[in-house]
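In what follows, a single structure is set out as structure tokens and then discussed.
Please treat every number below as a calculation from the coordinates, not as lab data. These figures come from a predicted structure and were not determined experimentally. Glycine also receives a Cβ, built like all others from the backbone with ideal geometry; neighbour counts cover every protein chain displayed.
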Amino acid sequence: MNDRPIKDLLRAGAGVDLNAIDTSGTPGFSGDKHDGEKALEVGAAQLADLQERLFAASRTGGSAQSVLLVLQAMDTAGKGGIVKHVVGSVDPQGVMLHAFKRPTPEEDKHDFLWRVRPHLPGPGMLAVFDRSHYEEVLIHKVRHLSTPEQIEERYGQITAFENEVIAAGTTIVKVMLHISAEEQKARLGERLAQPEKYWKYNPGDIDEREFWPAYMDAYRIAIERTSTDAAPWYVVPADRKWYARLAVQHLLLDALSGLHLEWPPANFDVAVEKSRLAAS
């Protein structure tokens, strides 16, 4: 990455123009795929160290801090790859992952944030939302599953909810993986061409492609209305999988570094325990 922090290059808010963002770009990184994969490997060790510090501090009662990574994207944009290649590099005992699907009948009986709260990270945890509460202002807006008034109200509810989560000690990293319609088409074609990838293919993805402009507009409005200083949005170009993974890794590294994590001190007399061990 260059001297300018990746978070500054990818941060989005008021006035964001998704159509003007090069989905095959590599903001902040001048290398090629090989260089990116090497950088990802180096960053993996750093991320694992910081995540272990976060987990350790919570287990000794020294910290209530946690991190939540929100991943939103059109299908095939690479959310699974982020989970596998970025989050997968840390100790799994300190990770929570939840993929939000269509609400169940029970979930539909409650307000839209009801089903989100049980999956928020506890102290010391790194949580990942594969899709999230933002579905209620994205697909609901595109498919008219809620009234315009309901959707408008939800932007404010989401901001208030995220402020509440942040106040409780959680750092939120919100990422839109921005893929082009052309690249999505190519990736869907790859799934249809390889039997071992049939399980990833959803015929409904073809139907959703018809609403691409509407989805881009829904994302734009959601980003403009809910990107705050406390919980900003980051738009990550996703046509190059290796770059998207590297960018999200850097966003997580930045978030964890900002917590100023230290290894918790011993809550016992180290010298005494060394003596006891030697005598045992």
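Computed about its Cα centre, the charge dipole of the chain is approximately 540 debye, with only Lys, Arg, Asp and Glu carrying charge at their Cβ. Under the criterion of Cα pairs below 8 Å and six or more residues apart, the relative contact order for the stretch 107-159 equals 25 percent. If you average the C-alpha positions of the stretch 16-44 and of the stretch 131-173 separately, how far apart do those two centres end up, in angstrom? Answer, in whole Å: 28. From Cα pairs below 8 angstrom and at least 6 apart in sequence, can you work out the relative contact order of the stretch 124-268, rounded to a whole percent? Over the stretch 124-268, the number comes to 33 percent. Contact order for the chain, expressed relative to its length and based on alpha carbon pairs under 8 Å spaced 6+ residues apart, stands at 35 percent. Ordering His260, Val248, Leu277 by the projection of their Cα atoms onto the charge dipole of the stretch 169-280, which places +1 on the Cβ of Lys and Arg and -1 on the Cβ of Asp and Glu, puts Leu277 at the extreme positive end. Each Lys and Arg contributes +1 and each Asp and Glu -1, all at the Cβ; summed about the Cα centre of the stretch 47-93, the dipole is approximately 60 debye.
Relative to the longest principal axis of the C-alpha atoms of the chain, give the angle of the C-alpha long axis of helix 148-167, reported between 0 and 90° and rounded to the nearest 10°. Tilt relative to the chain: about 10 degrees.
Cross-link reach is defined here as a Cα-Cα straight distance under 18 Å, omitting same-chain residues fewer than 8 places apart; for Lys200 the lysines meeting it are Lys79, Lys84, Lys101, Lys185, Lys241. Volume per residue for the chain equals 175 cubic angstrom (convex hull of Cα atoms).
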